[in-house]
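Working notes for the structure below.
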Amino acid sequence: NIYKENIKTNKLINLINEHNPDIAAIVEYRNCHDMDLHAIKSKYENFWAICLDNGFGIALFSKYKFEFIYKGGFEKMPFAIFKIHHPHKTFLFTIFHPSPPMKSSWAKAFHSQILELEEKIKKLNQDMIVVGDFNASPWGYHFKNFLKKTNLKDPRKTFGFNFSWMRSSPFFLPIDHILSSQGFEFLDLKVCESVG
């Protein structure tokens, strides 16, 4: 999660260059970020984005070819599913960032989005990785129910909470997640240094 008000993208560019991931997914992706991240696009010949200034834009940078196969959620709050053509395994990859369930109407939107993704995962029934800012902690009812219904694995059960939101305050929570179907094995999980 780049955070929509973050305009110091040099830290993010440095982080991506340092870790050199095969796939980088970004939420809260805006037009200003898209212009700044032009510097790393040369490393990722496969790129896709929806730039939204409301904090719900999403972007995918991949060293592997992929196909965009589904856009869900709402027009101003989308999620996306891709088919990644890795040399050893073709799998689905989802970037998810639902509404924060902080008031009644937002909670309804959150519930609608997580149910839509759950149904889509069950219908597609393929190896999948799901990443994003879920606006939900691992012990929340809807998140636990989502894991149960989709049979996705949560690496926090092995590697600890790895708090990702508001780490410098007493209200820190692990709301950013990387989940996978049973056909994957997690080797590590860590929250990198803040990029603003």
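The values are calculated or read from the model by the stated rules, or taken from the named source; none is laboratory data. Not measured: the values here are computed from a predicted model. Because the Cβ atoms are built from the backbone with ideal geometry, glycine has one as well, and the counts that use them run over all protein chains shown. In case anyone asks, the SASA skips ligands and DNA or RNA and just uses the protein heavy atoms, side chains included. Shrake-Rupley method; radii C 1.70, N 1.55, O 1.52, S 1.80 Å.
For the chain, what % of the accessible area comes from carbon and sulfur atoms, probe 1.4 Å?
54 percent
Quick one: accessible area per residue over the range 1-136, 1.4 Å probe, rounded to a whole number of Å²?
49 Å²
Kindly provide the helix-only [θ] at 222 nm of the chain, computed as the sum of -39,500 (n - 2.57) over DSSP H runs of four or more divided by all residues, to the nearest 500 deg cm²/dmol?
Using -39500 (n - 2.57) per qualifying helix, the result is -8000 deg cm²/dmol.
Across all directions of projection, what mean area in square nanometres is found for the Cα convex hull of the chain?
If you wrap the Cα atoms of the chain in a convex hull and average its projections, you get 10.6 nm².
Pairwise over distinct Cα atoms, reciprocal of the mean inverse distance: report the Kirkwood radius of the range 15-58 in Å, one decimal place.
After inverting the mean inverse Cα-Cα distance, the result is 11.0 Å.
In nm, to one decimal, how far is the modelled label at E75 from the one at Y3, with both set 7 Å along Cα→Cβ?
Going by the 7 Å Cα→Cβ label model, 3.1 nm.
Run the quick spin-label model on S104 and H38: label points 7 Å from Cα toward the beta carbon, then report their separation in nm to one decimal.
The modelled label-to-label distance comes out at 4.7 nm.
Which lysines, if any, have their Cα less than 18 Å from the Cα of K190, not counting same-chain residues under 8 positions apart?
K11, K153, K157
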